[in-house]
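Here is the structure we will look at, set down as structure tokens.
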Amino acid sequence: MNIFLWILLFSLLGSVGAICLASFLLLFKDNTQKKILPYLVSFTTGTLLASALLGLIPHALEHVGAFNILGTVLLGILGFFILEKFLLWRHCHDNCCNAAAPMILVGDAFHNFVDGVVIAASFLVSVPVGIAVGVSIIAHEIAQETGDFTILLHSGFTRSKAFILNIISGTSTLLGAIIAYFALEKIHEAVPFIMAISAASFLYIALVDLSPELHHETKPKQSFYQFILILVGIGVITFLLQFHAH
């Protein structure tokens with residue numbers, strides 16, 4: 001299968017696939033959802049950290065100096081802070097987010113577009129790196145879309161309308177991937193910097209949005225399970241990256 005088809009496949013899995021799985025989770029009772037989501041968030045945290053620190057940043061450093069790449073990561077983290085702080089680009093995983101439902105959809109569309117760019121850039125490095133990054137995005141999107149569905153339902157949307165609106169928002173992943181594929185094929189020099197910004201996004205989401213949620217759980221048994229699932233997420237990504245040929 002050629003690179004473009006890999007990109008299309010994981011763009012669909014990271015958008016429509018994740019939305020379908022998130023809508024499936026909503027079929028469970030609220031108590032069951034509350035039990036499942038922290039474990040999903042734990043696994044996602046592990047995949048995002050491993051993808052950023054073991055996949056994206058090292059491969060970006062193969063082509064550009066450490067100062068430029070790490071400087072781009074730093075600027076990316078600051079940029080995502082500004083986006084979330086002032087443009088309400090939020091990663092909500094429960095119904096405590098106070099952003100309006102329309103803003104959630106707009107923010108998701110932008111976020112999904114960036115996901116598409118990340119997927120395309122990763123597959124242009126290699127298929128294993130693309131798959132590892134794609135798995136991280138899918139895991140994150142399932143958790144995020146579950147929270148977004150909850151917010152839309154609490155805002156008065158019907159299940160069918162919330163599903164359709166999320167699908168429409170999710171199509172921006174495909175758009176971002178296609179644009180990035182054709183653009184980055186012509187300007188290969190930009191790929192390492194796109195990977196650095198992608199790493200910044202993953203680190204920001206894992207450390208700022210997801211990790212604080214895990215600290216809400218203080219029972220030793222559940223905390224232990226969360227830690228194990230973080231390690232599982234790291235392990236999955238580490239395994240996938242072993243197939244990358246330098």
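Worth pointing out:
- In whole angstrom, the chain maps to an equivalent ellipsoid with semi-axes of 28, 21, 17, each derived as √(5λ) from the alpha carbon gyration tensor and ordered largest first.
- Each residue of the stretch 40-47 was assigned a 3J(HN,Hα) from its phi angle through the Karplus expression (A = 6.51, B = -1.76, C = 1.60, θ = phi - 60°), giving 5, 5, 4, 4, 4, 4, x, 5 Hz with x at Gly and Pro.
- Remark: spin-label model distance residue 211-residue 183 equals 3.0 nm, labels positioned 7 Å along the Cα→Cβ axis.
- Full extension of the chain segment joining residue 30 with residue 63 gains 7.1 nm, where the gain is 0.36 nm per residue of separation less the Cα-Cα distance.
- Helix axis angle, 101-125 relative to the chain longest principal axis, alpha carbon, degrees: 30
- Spin-label pair residue 221/residue 20, simplified geometry with 7 Å Cα→Cβ offset, distance in nm: 3.6
- Angle in degrees between helix 127-154 and the longest Cα principal axis of the chain, rounded to the nearest 10: 20
- Once exposed loop chymotrypsin sites (Phe, Trp or Tyr not before Pro) are cut out (DSSP; at most 14 other Cβ, 10 Å), longest piece of the chain: 29-242
- Extension gain, residue 74 to residue 167: 0.36 nm times the residue separation minus the Cα-Cα distance gives 30.3 nm.
- The stretch 15-59: translational diffusion in µm²/s, Stokes-Einstein, Kirkwood Rh over Cα pairs, 4 °C, 1.567 mPa s: 106
- Residue exposure sequence - 72, 218, 238 - by fewest surrounding Cβ within 10 Å: 218, 238, 72
- Rounded Å value of the spacing that divides the Cα centres of the stretch 160-226 and the stretch 2-37: 13
- The ranking of 148, 209, 30 by Cβ neighbour count inside 10 Å, starting from the fewest, reads 30, 209, 148.
Computed from the coordinates by the stated procedures, all read-outs in this text should not be read as laboratory data. Everything quoted here is computed from the prediction, not taken from an experiment. Note that we place each Cβ from the backbone using ideal geometry, even for glycine, and neighbour counts take in every protein chain shown.
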